[in-house]
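Structure record follows, encoded as structure tokens.
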Amino acid sequence: MTDTAQPSFETLRYAVEDGIATITLHRPEKLNAFTATMMQELIAAFDATDADDAVRCVIVTGSGRAFCAGADLSSGGETFDYAKRLGTSEETVHRDGGGRVALRIFRSLKPVIAAVNGPAVGIGVTMQLPMDIRLASSDAKFGFVFGRRGITPEAASSWFLSRVVGISSALEWCYTGRVFTADEALARGLVRSVHAPGDLLGAATALAREIADNTAPVSAAISRQMIWRMAGASHPMEAHRLDSRAIQSRGRSADAAEGVSAFLEKRPAAFPNRVSTDMPDFFDWQSEPPFA
């Protein structure tokens, strides 16, 4: 089944087929460099995947030979100077655009897989950190190059990166700003697997297919939010409180009855609950603290 009500974007390609949404960064002539328009469209794309019950899993990849070469530097030395570029006071604190994207992905109710087809540096790699599983082409390269541009990590990566790969690797990569291979990314836990370029999307789709075909959408949405949010919990009791409410809510759901019946009857489950209507209300799953 292909969803026919699909949004249209300038810097992205968006398609839904058989429960899998594919978001493709699409500025191939600029190596998919990140712009304000791309920021806004990525946020809108994840709004669309959350709102569409036909979407069971999301894949993010790049068009052409790069995943994303980082911020578009066409503004030259003023690229990161908001006061000069936007004409605002130096005391005005602007929200980092990459951070807005990362936080939107963090709030996603659908599992997110990155299929990193080529170079991914700066925001090109930090936007991947709140994605759940990262697969890389052998052509991919990664770089937390901020120190070499005279700036600092962004996109909330000071929270995400050490949780994904540990503090030592996070600091080494940020201190040196060097670009490194997919094999190093694999060895240090940044990516789950490395594939020949022609096999990458097939591998990502197979993984997405396993999720889409076998798990309850509401259970996947709750599990995603539980695990990400508990990464910052101060004590396991916080997880115990959340787990207890979640298992009680899910245990009395139509999905649980169907899941157990399907297992006992040795047939595929047809889960009836939907993310758009059946998320339990004991937790605000898409809450976000204020910026100020």
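The values are calculated or read from the model by the stated rules, or taken from the named source; none is laboratory data. As the structure is a computational prediction, the values presented were derived from the model and not from experiment. Cβ coordinates were reconstructed from backbone atoms using ideal geometry, including for glycine residues, and neighbour counts include every protein chain displayed.
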Exercise. For residue 232, work out the one condition from (1) farther than 15 Å from residue 135 by Cβ; (2) surrounded by 18 or more Cβ atoms within 10 Å (Cβ to Cβ) it doesn't fulfil.
Key: (2)
Quiz item: For segment 234-288, how many residues meet the condition of being assigned to a helix (DSSP H, G or I), of a type in the set (Asp, Glu) and closer than 27 Å to residue 47 by Cα?
Solution: 3
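Results for (1) among the small types (Gly, Ala, Ser); (2) surrounded by 18 or more Cβ atoms within 10 Å (Cβ to Cβ); (3) over 26 Å from residue 35 (Cβ atoms); (4) not assigned by TED's automatic domain parsing to the domain that holds residue 221, shown as yes or no for each residue.
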position	(1), (2), (3), (4)
119	no, yes, no, yes
123	no, yes, no, yes
132	no, yes, no, yes
143	yes, yes, no, yes
152	no, no, no, yes
155	yes, yes, no, yes
162	yes, no, yes, yes
199	no, no, yes, yes
Quiz prompt | Among (1) buried (at least 20 other Cβ atoms within 10 Å of the Cβ); (2) modelled with pLDDT under 95, the one test that residue 59 misses | solution = (2)
Self-check item: Hits in segment 23-44 - residues which are crowded, with 20+ Cβ neighbours inside 10 Å and out of contact with any Ser or Thr (no Cβ under 7 Å at 6 or more places or on another chain)
Solution: 23, 31, 33, 34, 39, 42
Quiz item: List the pairs whose first member sits in segment 30-51 and is over 23 Å from residue 74 (Cβ atoms), whose second member is surrounded by 20 or more Cβ atoms within 10 Å (Cβ to Cβ) and polar (S, T, N, Q), and whose Cβ atoms are under 6 Å apart, counting only residues at least 6 apart or on separate chains?
Solution: 46/108
